[in-house]
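The values are calculated or read from the model by the stated rules, or taken from the named source; none is laboratory data. What you see is a predicted model; the values in this text were computed from it and never measured. Counting neighbours? That spans all protein chains shown, and the Cβs are built from the backbone with ideal geometry, glycine included. All accessible areas refer to the heavy atoms of the entire protein, side chains included, with ligands and DNA or RNA removed. Shrake-Rupley method; radii C 1.70, N 1.55, O 1.52, S 1.80 Å.
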Amino acid sequence: MSPATIQQNQAVIEALQNQQILSADQLEEILALHEQTGRSLLHLLREKNLVDEDQLTRLTAEMNGIEYVELTPEMVDPVALKLVSLEIARKHSLIPLRIENDTLVLAMSSPLNLSIREMITTRTGYRVRVVAAGAEAIGRALHKHFNIESLTRQDIVAMRLKNKPGEEKKGQGIKAQAIKSADAPVVRLVETILTGGIDSRASDIHLEPQQPDMKVRYRIDGLLQEALEVPSSAELQVISHIKILAEMDISEKRLPQDGHISIEHRGKLYDLRVSSLPAVGGEKIVIRILDTETGLRTLEELVTAPEDLEKFNALLANPYGMILLTGPTGCGKTTTLYSMLRRLNSTDRNIVTVEDPVEYRIGGITQVQVKRDIRMTFAAGLRSILRQDPDIILVGEIRDEETAEIAVSASLTGHLVLSTLHTNNAVGVVSRFVNLEVPAYQVASSLLGVVSQRLVRKICQKCRQACSITEKEKEALGNESLSGLKTVYRATGCEYCRQTGYSGRCAVYEIFLVDSRVRRLIVQEASEDALKEAAVSQGMKTLRRQAIDLIKNGQTTPEEVLRVIDMREK
């Protein structure tokens, strides 16, 4: 190993210790892996997801003696900002902060990129002094100063001028409309809508035909927020351009369609799943945003409570049986399933999935896409998978009797089966299987455990305010579970959380482990109340109790818990 490499590794270790990013065990593990493989510590840290982008930027800055700043939009001088275009700022994750004499102070998330520094020097005529800042903070500052509505205003005006009233009625045909959709204002507008959604951390983008104009909304942390309005005169061009990008049939407006777009933004690759739905007044488009690089998270990243993580590990240690996840659409079931698959994935196991859709690709796993138009359903795919010598099977969702029967049979014949089911709580899975005509004794023999989950928004730690809990909230949450709780936090809103008061979401888990006592109750076809009582007596914490713990820990608010969790469930 060269002296330079040894010196770099020592700098990485010192920076990790100074910033207390890794535990002693994690540091020892990564050093051992470095000795075995000879690969750089920074590469291994990124590969193992032990550091996020912000932490990696901090490490790089400290190792190279570069100043790191906690960037806020207020730190940006509008005069300096005009020196760099939004396209360059977004592409290279940078933003000018201020001008000091003949020097431009530039915040970058990749502060060692010399070619970008030279390019900025050439374009602006200023010497460049680089400071490091997190990519998210840079994105927030860009979003604040290049507001999406102001960015699109000129393009919308241009399209209004091009589309004079009555023009679309005269008609130039579908082909002509497709060509028009490639006009520069439309291209820029669509690009701004897509990248604006990514920068806002949206999970979905909704384009909705309304009167008088088409509305664009972003789903951020589970809630839809209005972004801008597109004039009805430009609606057809915008929809057509999105359908062209998604390789959909622009001439078909009567039937729903699906497509996808791959887009690179700020050095990351995103997969956009596009769905069109004919509606009164036009076509509605919904675009799901999938981050192909960071979308897959480890079980440790998702399940932060040690007690819950221990239960997950106990479930995954079983060689065969069935593990189910339940909850409403959008509660994060698929993300949790993928993290479980990552934990189980190894070269000595054959893991096969059947999904609709396949959201993320996982190396080493065979993933099958459901295609109902050719009768490739969950049941048909599952039957074929059983002939592929699988060890572990993931079924995206159990929807019907046939799929339920095959999944249970597979779990009873030496396979570990993971799947999802729609029920309100964990113990409700048993009655749901009985409704699907699966015998109770088979359910008892196959079921290892059930995880019911919800997603609650986390309160912004930068602007939260402590206050007293109200009597109304005590009554709604249940006085008996609030012993000792006098202070709660309220969401107020700041630039960091885009005035919402919340930043990010976390999962609340209800983990139902099936032991011998529960199996006997299932065979006896006991009621849900009896099953729940047995589960709680063996240590299951209900969604309600888990959510109240988040309030007590200052991670969320009573309002958010009451919005997401059914507090009638004790």
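Brief remarks on what is shown
- Probe 1.4 Å, all protein chains present, accessible-area order of D291, D258, largest first: D258, D291
- Distance cut-off 18 Å, percentage of C-alpha pairs in the range 353-398 lying past it: 22 percent
- Among residues other than E252 with Cβ under 11 Å from its Cβ, the summed charge is +1 (Lys and Arg +1, Asp and Glu -1).
- One decimal place: the segment N350-A530 gains 61.0 nm when fully extended, by the rule 0.36 nm per residue minus the C-alpha distance.
- Cα gyration tensor category, rounded, prolate or oblate, for the range 287-342 with a/c compared to 1.5: prolate
- Gyration tensor verdict on the range 413-482 (Cα atoms; rounded if a/c is under 1.5, prolate if a/b is larger than b/c, oblate otherwise): prolate
- Here is the list for the range 331-369: trypsin sites (Lys or Arg not before Pro) lying in DSSP coil, each with at most 10 other C-beta atoms within 10 angstrom of its C-beta, are R361.
- With N as its number of residues, the range 264-410 has a Cα radius of gyration that, divided by 2.2 N^0.38 Å, comes to 1.16.
- The heavy atoms of I239 offer some 10 square angstrom of accessible surface to a 1.4 angstrom probe.
- Cα-centred dipole magnitude for the range 192-313, charges only on beta-carbon of K, R (+1) and D, E (-1), debye, nearest 20: 340 debye
- On the principal axes of its alpha-carbon atoms, the range 217-295 has extents of 36, 27, 19 Å, going from largest to smallest.
- Pairs beyond 27 Å (Cα-Cα), from K458/K486; K284/K462; K82/K215; K91/K284: K284/K462; K82/K215; K91/K284
- Relative intensity of the chain on a log10 scale, I(q)/I(0) at q = 0.06, 0.11, 0.12 Å⁻¹, equals -0.38, -1.24, -1.39, per a Debye sum over C-alpha point scatterers of equal strength in the absence of solvent.
- Once the Cβ-Cβ distance of S409 and R372 is raised to the sixth power relative to R0 = 30 Å, the FRET efficiency obtained is 0.85.
- Normalised contact order of the range 276-415, rounded percent, pairs of Cα under 8 Å and 6 or more residues apart: 22 percent
- Across the options V514, G539, G125, the greatest Cα extent toward the positive end of the charge dipole of the chain (unit charges at beta carbon of Lys, Arg, Asp, Glu) belongs to G125.
- Relative contact order for the range 449-570: 36 percent, from Cα pairs under 8 Å spaced at least 6 residues apart, divided by residue count.
- Once both labels are positioned 7 Å from their Cα atoms along Cα-to-Cβ, the gap between K268 and L33 label points is 2.0 nm.
- At a Cβ-Cβ separation cutoff of 4.7 angstrom, cysteine residues of the chain with no neighbouring cysteine are C331, C467, C506.
- For the pair Q225 and N113, a Förster radius of 45 Å applied to the C-beta separation gives a FRET efficiency near 0.85, rounded to the nearest 0.05.
- Mean Cα-pair separation over length for the chain, i.e. relative contact order, pairs under 8 Å, 6 or more apart, %: 8 percent
- Efficiency of FRET from Cβ geometry, N101 and D258, R₀ 41 Å, rounded to 0.05: 0.15
- Each of L421, I392, T377 was scored by the projection of its Cα onto the charge dipole of the range 355-459, and the greatest displacement toward the positive side belongs to L421; charges sit on the C-beta of Lys, Arg, Asp and Glu.
- Cα Rg, Dmax, the range 404-527, angstrom units: 20.7, 56
- For the chain, the dipole from Cβ point charges (+1 on Lys and Arg, -1 on Asp and Glu) about the Cα centre works out to 1160 debye, to the nearest 20.
- Note on the chain: dipole from Cβ charges, positive end direction compared against L436, G281, G134; the farthest Cα belongs to G281.
- Spherically averaged projected area of the convex hull of Cα atoms, the range 358-455: 7.2 nm².
- Space enclosed by the convex hull of the alpha-carbon atoms of the range 211-254, per residue, Å³: 111 Å³
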